[in-house]
Amino acid sequence: MHIFRSIIVFITFQVVFIVVDIIGWEPNRNRLYELVIGFPPIRFFEETFAPYKMLEFNIMTAGFLIALIASIISQLWSRLSKETHNK
């Protein structure tokens, strides 16, 4: 059940990102770039993994995908280990 909630949250964020990307609204980039500027693989998020025009959305999407995949693997591993212990 937790997996489905995580996926719904991910899809919701993606819809918001798509709408904001289409509208062209941009936050105060000066403050955001101060936070992101030290992030080493910026070029990756500008060229290779760039589903959105905004760098911040690309980084947040990648981070959320990594967290979502890790959560799914952890929950599946937990379920499998519980099932093997109950047998």
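Taking all protein chains together and a 1.4 Å probe, the residues H2, H85 rank H85, H2 from largest to smallest accessible area.
Ligands, DNA and RNA aside, E83 has an accessible area near 100 Å² when probed at 1.4 Å. Listed values for region 16-21 are Karplus-derived 3J(HN,Hα) couplings in whole Hz (6.51 cos²θ - 1.76 cosθ + 1.60, θ = phi - 60°), namely 4, 4, 5, 4, 5, 5, and x replaces Gly and Pro.
The values are calculated or read from the model by the stated rules, or taken from the named source; none is laboratory data. Note that this is a predicted model, so its numbers are computed, not measured. Ligands, DNA and RNA are excluded from the accessible area calculation, which covers all protein heavy atoms including side chains. Shrake-Rupley method; radii C 1.70, N 1.55, O 1.52, S 1.80 Å.
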